[in-house]
Structures are given as C-alpha cells and as structure tokens.
Amino acid sequence: MATTVSIDNHIAEVVMDNPPVNALTVAGWFDLAAKIGEAGRRAEVGALVLRAEGKGFNAGVDIKEMQSTPGFDALIGANRGCYAAFAAVYECEVPVICAVHDFCLGGGIGLVGNADIIVAAEGARFGLPEVDQGALGAATHLARLVPQHKMREMVYTAEPVTAEELLHYGSVTKVVPVEGLREAALSIAQKICAKSRTVIRAAKESLNGIDPIDVKRSYRYEQGFTFELNLSGVSDEARDAFVDKRQADFDQ
C-alpha cells in the first residue's frame with residue numbers, strides 16, 4: 001500500500017496505489033491528507049493532480065479493517081481520516097485536478113467532490129453505496145457533482161452514475177479514453193501552471209471563501225448519523241455481510 005508524490009514542471013502528482021481496489025485504511029487516509037497538504041504548500045507547485053494506479057480510483061474505506069478491529073477505533077479513525085483527506089483536497093493551496101478511472105465510490109466521492117476540476121475515463125462510475133453499508137456521509141460532496149434530486153436518488157438507491165452523465169451536468173470537465181486520462185489531467189494542470197502561482201493561490205482561497213456551504217461542517221454533521229447507526233447495530237450487520245459476501249439481513 002502506498003501513496004506517492006512527485007513534482008515536475010510545477011505540477012504535483014499524488015498517486016494512490018492500494019490494491020486490490022484502492023480502498024484506504026485509517027492510516028492510508030491520514031497519509032493521503034498529509035501528502036496532499038504538504039505538496040500544496042510547496043512554493044514551486046502551481047497545481048496538483050490526484051489519481052490512482054490499479055483497479056479503480058478509490059473504493060472508500062477499508063471495511064475489512066473496520067470489521068477486524070475490536071471496538072470502534074477503526075470506525076472513528078476512518079471517519080477522522082476521511083474528514084482530514086477531504087479537507088486536505090478542499091484546502092490545498094493550489095487547484096486539485098482529480099483523474100478518475102473505473103470507479104469512484106464512497107470516500108472517493110469526498111475527494112472528487114472537494115476537488116477543483118475532474119477528468120474521467122470513459123465509463124467511469126461514481127456512487128455512494130453508504131446506505132447499503134449502514135452508513136451515511138459524503139452527500140455533501142455528491143451534491144457538488146449532481147443536482148439536488150439526483151443526489152437524493154443516488155443516496156437512497158446506492159446506484160452510481162457514469163462519467164458521461166457527470167459531463168452532462170458539467171461537474172466532470174472532460175471524458176477521455178483511459179489511456180489518455182493522465183495526459184488530460186496534466187494538460188489542464190499545465191495551463192494553470194502557466195499563470196502566476198501567486199494569483200492562482202489567491203484565486204483558490206477566494207473561491208473557497210465564497211462557497212455557499214461549509215463543506216467541512218456539513219460533512220461532520222453527516223458523520224454524526226453514521227455514529228448513531230453504529231450504535232443501533234444495523235451498521236455492523238451491513239459491514240459483516242459485505243465481508244462475508246452475503247445479503248444483509250435487516251429487520252429495521
């Protein structure tokens with residue numbers, strides 16, 4: 001498991017590589033947050049590209065880690081780690097461009113929803129399966145990608161949408177063949193890096209300042225319901241069923 005950072009021609013490239021599906025452990029979320037923050041603070045950096053190697057862009061939290069850890073330490077850690085990583089993307093001092101392939105689920109929506117620009121590979125899927133896992137969260141970020149009623153449908157049904165549909169909504173800026181995904185993201189980053197880094201950093205801060213919703217507070221509010229659901233017992237059944245590869249048995 002590794003998240004790497006490289007810097008070339010003023011572009012920071014942060015790459016997640018966490019087989020088999022790029023689901024992050026508690027430590028992985030905090031590591032991602034730290035690396036994005038550190039890269040964005042580098043004076044020579046003008047833009048940051050966030051992408052992944054292997055299968056999928058991001059599959060959210062590592063449910064197997066959560067279910068194999070006694071007590072609630074992994075649950076609390078995952079929630080805090082996701083909060084830190086989503087905030088790191090949003091507060092990164094330079095624009096963040098997400099390059100998404102295959103699928104972007106759960107916590108992945110928190111990353112792309114807080115990004116400045118999204119490019120995607122053809123057929124990439126975006127979704128929040130949280131309800132199926134007895135959890136809530138990242139509707140805050142999904143609402144930045146799709147209209148309000150579509151967001152509600154996606155939360156309730158846990159069904160994903162494609163990159164092509166997000167292109168129609170305008171939240172994905174470009175859909176390209178998967179082999180051209182990295183180049184498409186770097187091309188946009190290069191255009192940004194041709195500008196004054198001082199001006200771009202001011203632009204990023206000013207755009208965050210005029211956002212109508214405080215994404216950190218909104219997401220933290222959602223997390224409170226996830227903790228309530230865990231106390232009810234329904235979340236453990238949902239996660240156990242996921243790990244056991246069976247249908248969850250809900251009686252409430």
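FYI, it's all coordinate maths here, none of it is from the lab. Here the structure is a predicted model, which is why all the values come from computation and not from measurement. Quick reminder, even Gly has a Cβ in these numbers, built from the backbone with ideal geometry, and neighbours come from all protein chains shown.
Values as computed for the structure displayed
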item	result
Most mobile listed residue (Pro19, Pro177, Pro212) in the chain, GNM with C-alpha springs under 10 Å	Pro212
Relative contact order %, the stretch 1-132, counting alpha carbon pairs below 8 Å whose residues are six or more apart	25
The chain, relative contact order [Cα under 8 Å, separation at least 6], %	19
Using a Förster distance of 51 Å, the FRET efficiency for Glu183-Leu231 (Cβ separation, nearest 0.05)	0.60
Furthest towards positive pole of dipole, Leu167, Phe86, Met151, structure part the stretch 85-173, Cβ charges	Met151
Kirkwood-Stokes translational diffusion coefficient of the stretch 54-107, alpha-carbon pairs, 10 °C, 1.306 mPa s, µm²/s	125
The stretch 105-252: Lys pairs at Cα distance under 22 angstrom, eight or more positions apart or on different chains	8
Filtered chymotrypsin sites (Phe, Trp or Tyr not before Pro), the stretch 59-114: DSSP coil and at most 16 other beta carbons within 10 Å	Phe72
GluC sites (Glu not before Pro) within the stretch 1-87: DSSP coil, no more than 16 neighbouring Cβ in 10 Å	Glu44, Glu53
Positive-end extreme of charge dipole, the chain - chosen from Asn18, Ala139, Leu207 (charges on Cβ)	Leu207
DSSP bridge orientation in the stretch 1-50 - percent antiparallel, rounded to nearest 5	65
